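One structure is given here, and the rest of the page talks about it.
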Amino acid sequence: MNKINVVIVDDEVRIRRGIERIVRSCGDDWHIAGTFSDGIEALEYLKREEIPVDLLITDVKMPEMDGLTLIKELKKLNNNSWFSTIIVSGYDDFPYLQTAIREGAFDYILKPINRLEFAELLQKARAVIVEKQLKKLKMNELYKKEERLLVYQQTQMLRDAMAAGPGDVAAMYWTDFFPDGLYQLQYVSADDFPYKTREYAAKDWGLMSYAIEKFLDEILNGFTNASDHRRGWWRRESGFHFWVLLFSGRKDENALLEMGEDFSEQ
């Protein structure tokens, strides 16, 4: 399990430091990602450093930005609601607590904070966070699987479109499976060695072909990771001969040509 990133926000130094000591005493699973005196300070830091938050412990009433606003803004920043929240509150803050629970706060604790009660609350929060982490991991795996299936489908459509004759109307719709943008098609060919060369067995040719495929995969992965606006697909025509389709989301023909030259050089 990954460490649980905890962010503590309270305008009272004594309470903030007390919460930090309790969290640290709960074991190595917990990591203090930051402690802050107000919501604006916390939000600016988390936005600048791009730190993922698992647990937000925040006072409900603070100057500059209260705890409820901080929860809402942090959800926007993370673009999800994976993190859990524990509200620190006074006895007269019941309306705030109601709103916080509606916003998805995990639980709350009243001031003055009881050390044992708070430690128990953290262990309950830990179980919820671990479950969320596992759920998030499974979701990420599903997204990756979906992406792999889409690439496979796109490659199949590319193969069928290139193999189709001029009268095959169905092949005209292959573009529906690809993103909108500019494309360049490249032909990649490695020289064929004489097939009667005794130094090479049939399995050697298979290994050579496999090596070229892995090489293409490696270049296309680096090509794609270099920019969100780039994608690439390849298909084998025969032997050591391949077609590579390059995509640019930026509708700039000069940029497309430069992109193609860069890929060719690699």
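The values are calculated or read from the model by the stated rules, or taken from the named source; none is laboratory data. The model shown is predicted, which means the values in this text are computed figures rather than measured ones. Quick reminder, even Gly has a Cβ in these numbers, built from the backbone with ideal geometry, and neighbours come from all protein chains shown. Just the protein is used for accessible areas: all its heavy atoms, side chains included, with ligands, DNA and RNA removed. Shrake-Rupley method; radii C 1.70, N 1.55, O 1.52, S 1.80 Å.
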(message) Looking at Tyr143, Tyr96, Tyr152 in this structure, which one is under 20 Å from Asp11 (Cα atoms) and modelled with pLDDT under 85?
(response) Tyr96
(message) Please count how many residues of the stretch 68-80 are within 18 Å of Ile8 (Cβ to Cβ), modelled with pLDDT under 85 and either among the polar types (S, T, N, Q) or open to solvent by less than 60 Å² (accessible area, probe 1.4 Å) (or both).
(response) 1
(request) Among the candidates Gly27, Gly18, Gly104, single out the residue that is out of contact with any strand residue (DSSP E or B) (no Cβ under 9 Å at 6 or more places or on another chain) and on the phi > 0 side of the Ramachandran plot. (result) Gly27
(message) Looking at the structure I just gave you, is Phe83 touching a strand residue (DSSP E or B) at 6+ places or on another chain (Cβ under 8 Å), crowded, with 17+ Cβ neighbours inside 10 Å, more than 25 Å from Asn140 (Cβ to Cβ) and not aliphatic (A, V, I, L, M)?
(response) no
(message) Name the residue that is surrounded by the most Cβ atoms within 10 Å (Cβ to Cβ), counting only residues in the stretch 155-179 that are at pLDDT 75 or above and polar (S, T, N, Q).
(response) Thr155
(message) On the basis of being in contact with a Leu (Cβ under 9 Å, 6 or more places away or on another chain), farther than 16 Å from Lys132 by Cβ, at pLDDT 90 or above and not in a loop (DSSP other than H, G, I, E, B), does Val23 make the cut?
(response) yes
(request) Evaluate the stretch 98-108: report whether one residue or more is part of a strand (DSSP E or B) and open to solvent by 20 Å² or more (accessible area, probe 1.4 Å). (result) yes
(request) Check off (1) open to solvent by less than 40 Å² (accessible area, probe 1.4 Å); (2) at pLDDT below 85; (3) assigned to a loop (DSSP other than H, G, I, E, B) for Met65 and give me the number that stays unchecked. (result) (2)
(message) Name the single residue that is nearest to the chain's Cα centre (by Cα) among those in the stretch 39-53 being closer than 16 Å to Ile86 by Cα and either small (Gly, Ala, Ser) or open to solvent by 30 Å² or more (accessible area, probe 1.4 Å) (or both).
(response) Ala42
(message) Suppose we keep only residues that are part of a helix (DSSP H, G or I) and in contact (Cβ under 8 Å) with a residue 12 or more places away in the chain within the stretch 1-16. Which one would you say is most open to solvent (accessible area, probe 1.4 Å)?
(response) Val13
(message) I'm told Pro112 meets every condition in (1) surrounded by 14 or more Cβ atoms within 10 Å (Cβ to Cβ); (2) in a loop (DSSP other than H, G, I, E, B) except one. Can you identify the failing condition by its number?
(response) (1)
(message) On the basis of being open to solvent by 10 Å² or more (accessible area, probe 1.4 Å) and modelled with pLDDT of 85 or more, does Glu258 make the cut?
(response) yes
(message) On the basis of being of a type outside the set (D, E, K, R), at pLDDT 85 or above, part of a helix (DSSP H, G or I) and touching a Ser or Thr at 6+ places or on another chain (Cβ under 7 Å), does Ile129 make the cut?
(response) yes
(message) Which residue is least open to solvent (accessible area, probe 1.4 Å), if the candidates are limited to the stretch 200-255 and must be part of a loop (DSSP other than H, G, I, E, B) and more than 24 Å from Leu150 (Cβ to Cβ)?
(response) Phe240
(request) Would you check which residues across the stretch 39-57 are at pLDDT 90 or above and of a type in the set (D, E, K, R) and list them? (result) Glu41, Glu44, Asp54
(request) Considering (1) in contact with a Lys or Arg (Cβ under 9 Å, 6 or more places away or on another chain); (2) assigned to a helix (DSSP H, G or I), say which one Trp82 fails and leave the rest. (result) (2)
(message) Based on this model, can you work out whether Phe263 counts as part of a strand (DSSP E or B) and either exposed (fewer than 12 other Cβ atoms within 10 Å of the Cβ) or modelled with pLDDT of 85 or more (or both)?
(response) no
